[in-house]
Structure formats: structure tokens, C-alpha cells
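Working notes, beginning with the structure itself.
The values are calculated or read from the model by the stated rules, or taken from the named source; none is laboratory data. As the structure is a prediction and not an experimental result, all values here were calculated from the model. Here the Cβ positions follow ideal geometry from the backbone for every residue, glycine too, while neighbour counts run over all protein chains shown.
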Amino acid sequence: MTTRIPVFVYADDPISQAGIASQLRPRPEIAVIDDNVDAAAVAVVVCDSVDQQTANVVRAIQRNGCPKVVLVAARLDDAGLLAAAEVGVSGLLRRQEAQPERLITAVQGAAAGDGTVPPDLLGRLLDQVGRLQRQVLSPRGLTLSGLSERELEVLRLVADGCDTAEIARRLCYSDRTVKNIIHDVVTRLQLRNRSHAVAYALREGLI
């Protein structure tokens, strides 16, 4: 028998919460959790729009032990799409499109580590991300990873086993510059040391 996915449903108004929960309860794939969000594998958050209040709700749910969140929003504009991506939601649905089958698919995808975005919204989201890269990050020498090309190059050489002097020689930097670059990365990303920075970059597929 397939293991049921424990799901917590949240909405500001009880009618919306009861409506989504009633769609999920009869399904053999789902076990609705009424309390204790930390016991849920996925949370479904119903909202009018993806604003600061919604972002705070998502963060609170994630802090309380449920990192996978599916948003069901009445309105989704470009700012809301970017805000949803920033808080790390696993799925996104319009409220009028949240029929049981689509909702179940989004919940199952979130539980499996996949994301769900309506096809027409995906193009808009990618456009938003591209605009962010072109207008905000690139002028500052950054990539979407939050690291500059210079920082990534230094981490690649550290991963190859190069010491500070060798990195400085290859990149025509001073030893102090190399040390400062590594220190900035470690501090900004709240890592422990250069080895941790390399491990982070490898795990995130940055190098």
C-alpha cells in the first residue's frame, strides 16, 4: 500500500481552509494533519496574493519543520511569482485551478522534491529571473548563486588543491586578495572555512 503524504492546510479564513482540506481528505494518497505542522511532509497555504504576510506565513511553516510548501493563490502577478521563488515554495497554483487532481499532483511533486508551476507562469518566472540577473546582479559582478565569477574561479582552484600562493599566481592576484576573496565568501554565506566553502559550492552545483 502506498504511504500517505501527511499534509497541513493553512488559510487566513476558515472557509478556504476547510475547502482545500475537504478536497484532500478523501484521497488515499493524503493524510490531512489538522495540528502540529512539524508532523506534515507538505503544507498547503491558501492566500489571496503572494505578499509580505504570505511570505511570513511560509517562513514560519518552514521554521516549524515543514520545508515543502504549496501555495494556492487567488492572484499571481510578476512580483508575487518572484516572491514565491524567494521564499522557496515547492509548488504554485491559482485558486481557480486548484481542482483535486492538480492539487494532489502539486502535493506529490513537493513531497518528491519536485516543483509545480502553471506552464504560462513558468515563462514569466524565467523572465523575472533573467531580468534580475541583467539589471541587478550582473552590474554588481554577481550571479544568481550570490557569488561573483571571481569568487567562483577561486573556489574552483581551491577545489583543485591549490594553495593561496598558487591561486594568486594563476590569477595574477596578491596573496592578500585571494585570502580576502575566500574570507568574504565564508563570511557572507556563513560557512566555517575554505573547505566548507568548497563543499557548499560543489553541493549547490556552482563549480
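The figures follow:
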item	result
Pair list, Cβ under 7 Å, 6 or more apart: the range 176-188 residue in contact (Cβ under 8 Å) with a residue 60 or more places away in the chain, other residue outside any helix (DSSP H, G or I) and exposed (fewer than 14 other Cβ atoms within 10 Å of the Cβ)	none
Where Asp38 falls short, out of the listed (1) crowded, with 17+ Cβ neighbours inside 10 Å; (2) in contact with a Gly (Cβ under 9 Å, 6 or more places away or on another chain)	(1)
The range 66-89, subset modelled with pLDDT of 90 or more and among the small types (Gly, Ala, Ser), residue nearest to the chain's Cα centre (by Cα)	Ala73
So Val154, is it in contact with a Gly (Cβ under 9 Å, 6 or more places away or on another chain) and at pLDDT 70 or above	no
Selection from the range 167-207 of residues that are of a type in the set (Asp, Glu) and over 25 Å from the mean Cα position of the chain (by Cα)	Asp175
Scope the range 118-127; condition surrounded by 13 or more Cβ atoms within 10 Å (Cβ to Cβ) and either in a helix (DSSP H, G or I) or outside the structural domain of Arg59 (by TED's automatic domain parsing) (or both); matching residues	Leu121, Leu122, Arg124, Leu125
